[in-house]
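See structure below.
The values are calculated or read from the model by the stated rules, or taken from the named source; none is laboratory data. All values derive from a computational prediction rather than experimental measurement. Note: ideal-geometry Cβ built from the backbone for every residue, glycine included; neighbour counts use all protein chains shown. Protein only, heavy atoms only, side chains kept; ligands, DNA and RNA dropped before computing areas. Shrake-Rupley method; radii C 1.70, N 1.55, O 1.52, S 1.80 Å.
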Amino acid sequence: MTDTQQTPPRSTLLELDSIDRHILNHLQEGFPICSRPFAQLAPVFNLSEHELITRVQHLRQSGALSRFGPLFQAEALGGAYCLAAIAVPETRWDSTVKAVNRHPEVAHNYQRAHTLNMWFVLATATPQEIEPCIAAIEAETGLPVVAFPKEREYALSLKLEL
């Protein structure tokens, strides 16, 4: 899933009701790992499982929730992560997004107001797969990719209370 393709840009403020705010606040604290996590969480919000799933889908589709999914520690599984960036001419933005996002290794992709205006994360099954993926993206786009391999990991926790 790539956020550049799937999260609609927000040009206006989104109105959230108290239940949506409660859901967003609560989900920042974690998500149950079980066969029916929405059924387990639904009573917290006085909703049915179906109602909670529908609300989370709406929050995702509206852009209020930009990402909803697991985070894996790739290195612990033998894989690797690498932050990468490209300076993309505005006239080539859409075609470059499509080329980059065709790669299943692209975990997410963001546009930034910077010379390097496209930033994305590569997640591969082995560390040796990072360089060939970067080379393939460079060949497909005709643009150089700047790689920022992870040198050390920091554990940060950020909760934005709504």
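Before moving on, here are some points about what is shown:
- Qualifying chymotrypsin sites (Phe, Trp or Tyr not before Pro) in the range 113-157, where qualification requires a DSSP coil assignment and no more than 15 other C-beta atoms within 10 Å, comprise Y154.
- Whole-angstrom gap from the range 78-106 to the range 42-74, using each part's C-alpha centre: 26
- Rounded to the nearest 20 debye, the dipole size of the chain about its Cα centre is 160 debye, using +1 on the Cβ of Lys and Arg and -1 on the Cβ of Asp and Glu.
- Matching label, Cα Rg over 2.2 N^0.38 Å computed from the structure shown, candidates (i) 2.36; (ii) 1.28; (iii) 1.19: (iii)
- Per residue solvent-accessible surface (Å²) - the range 1-132, probe of 1.4 Å: 61
- Per-residue ellipticity at 222 nm, computed for the chain from helices alone with -39500 (n - 2.57) per DSSP H run of at least four residues, works out to -9500 deg cm²/dmol.
- Within the chain, longest stretch free of exposed trypsin sites (Lys or Arg not before Pro) [DSSP loop, at most 11 other beta carbons within 10 Å]: 11-111
- Per DSSP, loop GluC sites (Glu not before Pro) in the range 27-74 with at most 10 further Cβ within 10 Å: E29
- Share of carbon and sulfur in the accessible heavy-atom surface of the range 92-132 [1.4 Å probe, %]: 56
- Fluctuation leader among S66, S35, S48 - the chain, Gaussian network, Cα springs under 10 angstrom: S35
- Projected label distance in nm at A113 and S48, using a 7 Å step from Cα toward the beta-carbon: 4.5
- Calculated FRET efficiency for the pair Q28/E131, C-beta based, R₀ 30 Å, to 0.05: 0.30
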